[in-house]
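A short write-up of the structure that comes next.
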Amino acid sequence: MLLPLLLLLVCSSQASHFYGTVMTYYPQNTDTTGSITVVLRYKLNFHSCGNDDTWSCFSGDCGTQTSLELNEVYEESGGEWCQREGIMTRQVPSNAPFQLRLDSAAWISNIVNGISSWRAVTLVELRNRSDTGQANRSPQTTILPAVRVPSNCRRDFSLLAFDPDGDEVRCRNGNAALSECNPCTPPSVLTLSSPCTLSFSPTSSTNEGPYAVQLVMEDFPRQSITLTQTSGSQEVKTTNDAISKIPVQFVLRVDPAVPSCTEGLYLPKFLPPTPANGARLYTPVSQTLEIRITAEANTSMISELLFSGPHNINRTTSGTGEFILRWTPSEDEDGESLPICFVVQATTSVKYHSELRCVIVTVENDGTAVSTVTPPVTTVTTPDNLTNTTQVFNQSTTITTASPPTTTQQSTITTPEWRTLFTRRCAVLVSLSAFVACIVMLIYLQCRT
């Protein structure tokens with residue numbers, strides 16, 4: 001009687017290990033039969049790197065899985081969590097939509113909002129869009145397995161929400177009726193606002209502990225579009241109709257109160273040249289991108305940089321609070337936009353996190369991409385369905401224009417056209433004056449002789 005009870009306790013302890021997941025997708029080639037190759041990237045977040053799980057077909061024709069890579073992204077130094085990245089390639093017979101689901105148990109222990117089993121759903125929409133003439137691509141995002149905030153501090157978590165088709169991206173809490181989570185109780189300590197910002201307000205110590213955050217991220221067209229299936233059937237999507245959906249699930253840890261919420265004391269504060277949240281970076285295939293990150297914490301001790309992104313990112317430390325992330329994209333990633341998110345962790349007797357920052361890296365093999373970012377910069381980006389204009393203000397001022405995922409062109413700011421014309425005419429007049437002066441001098445010399 002005692003042995004089965006002990007086995008049950010051990011199994012229960014081992015099973016409480018889930019820290020959430022994220023999945024995105026990019027369509028690749030379409031053959032003459034209408035069959036499509038689609039690449040799906042997903043994060044599996046568990047207590048340890050040895051844990052694993054697989055996505056299964058939930059609805060529609062999910063085709064055949066032709067390859068799967070599963071590699072470690074990062075493991076937190078204290079052994080709290082490990083993130084792995086899966087790169088799954090599927091061959092589907094047509095561009096009809098289908099759904100994949102991750103479904104098992106259980107989240108980590110003592111989840112305050114009562115979530116035990118995990119469930120996540122991705123809706124893959126591959127039908128041709130009337131506005132781009134191509135298959136739809138999902139929003140791109142990622143997230144760390146766990147983010148922290150002291151119970152007495154306010155913090156906004158602005159999630160990365162980038163859409164390569166230029167669609168509007170919105171987030172919502174998962175819906176149990178759509179089998180998007182099991183159950184879907186949202187954390188009472190968080191407020192979700194448009195488009196994808198989670199706000200935490202100071203609360204009492206009774207609300208401390210881990211919470212399961214189970215969001216759904218969707219893309220909405222900025223104007224009505226028509227989706228066309230291989231069979232010829234069509235569907236109109238208005239600005240109120242979601243096209244695809246992806247899960248964004250992670251753990252929020254509400255920690256004990258901190259003596260001061262001022263950034264730079266206990267909570268790490270980012271310093272230049274750390275890129276701004278939401279910054280867009282560009283790099284060619286096979287060229288190494290460097291992202292320099294600096295932070296300070298005068299009262300606590302900065303211990304490490306926690307990050308989420310492609311599995312082959314290399315992290316180095318150049319000094320206290322100084323980090324470099326390096327990533328070299330491959331040919332397979334040409335034309336894609338991949339997300340990278342990070343926080344700086346500091347410690348005393350407890351752990352403290354900086355704010356969450358995320359960037360999007362677009363791989364463009366045209367020779368003009370910027371592979372190294374050295375802020376401080378101020379970035380202004382127009383919606384991606386329009387011509388994207390980014391202004392970077394630093395020692396020199398340039399304007400970089402791009403319409404991702406096409407090539408990036410650069411041009412420096414020039415003087416107005418009338419001023420240029422006036423300058424040229426002045427140069428001509430100066431030349432004429434010099435010529436006349438020479439003639440007068442020759443006549444004078446001739447007269448003297």
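Tabulated data for the structure shown
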read-out	value
The range 234-278: number of residues that are open to solvent by less than 10 Å² (accessible area, probe 1.4 Å) and either at positive phi or among the hydrophobic types (A, V, I, L, M, F, W, C) (or both)	10
Selection from the range 315-362 of residues that are open to solvent by less than 50 Å² (accessible area, probe 1.4 Å), in a strand (DSSP E or B) and small (Gly, Ala, Ser)	Gly319, Ser337, Ala346
Search result, residues across the range 279-291 that are in a strand (DSSP E or B), over 23 Å from Glu76 (Cβ atoms) and open to solvent by less than 20 Å² (accessible area, probe 1.4 Å)	Ala279, Leu281, Thr283, Leu289
The range 34-53, residues that are open to solvent by 50 Å² or more (accessible area, probe 1.4 Å) and in contact (Cβ under 8 Å) with a residue 12 or more places away in the chain	His47, Asp52
Flag for Thr142 being without any contact (Cβ under 8 Å) to a residue 40 or more places away in the chain, in a loop (DSSP other than H, G, I, E, B) and within 25 Å of the chain's Cα centre (by Cα)	no
Condition check for Thr294: in contact with a strand residue (DSSP E or B) (Cβ under 7 Å, 6 or more places away or on another chain), assigned to a strand (DSSP E or B) and open to solvent by less than 50 Å² (accessible area, probe 1.4 Å)	yes
Residues (more than 22 Å from Pro139 (Cβ to Cβ) and of a type outside the set (Ser, Thr, Tyr)) located in the range 40-62	Phe46, His47, Cys49, Gly50, Asn51, Asp52, Asp53, Asp61
Filter pass, Pro376 being open to solvent by 30 Å² or more (accessible area, probe 1.4 Å), out of contact with any Pro (no Cβ under 8 Å at 6 or more places or on another chain) and at pLDDT below 95	no
Residue within the range 125-136 that is more than 30 Å from Gly34 (Cα to Cα) and hydrophobic (A, V, I, L, M, F, W, C) present	no
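Every residue, every condition in (1) in contact (Cβ under 8 Å) with a residue 60 or more places away in the chain; (2) open to solvent by less than 20 Å² (accessible area, probe 1.4 Å), yes or no:
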| position | (1), (2) |
| --- | --- |
| Leu160 | yes, yes |
| Asn182 | yes, no |
| Ser204 | no, no |
| Phe220 | no, yes |
| Ser224 | no, no |
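The values are calculated or read from the model by the stated rules, or taken from the named source; none is laboratory data. Remember, predicted model here, so these are calculated numbers, not experimental data. All Cβ positions, even for glycine, are placed from backbone atoms using ideal geometry, and neighbour counts span all protein chains on display. These accessible areas exclude ligands, DNA and RNA; they are computed on the full protein's heavy atoms, side chains included. Shrake-Rupley method; radii C 1.70, N 1.55, O 1.52, S 1.80 Å.
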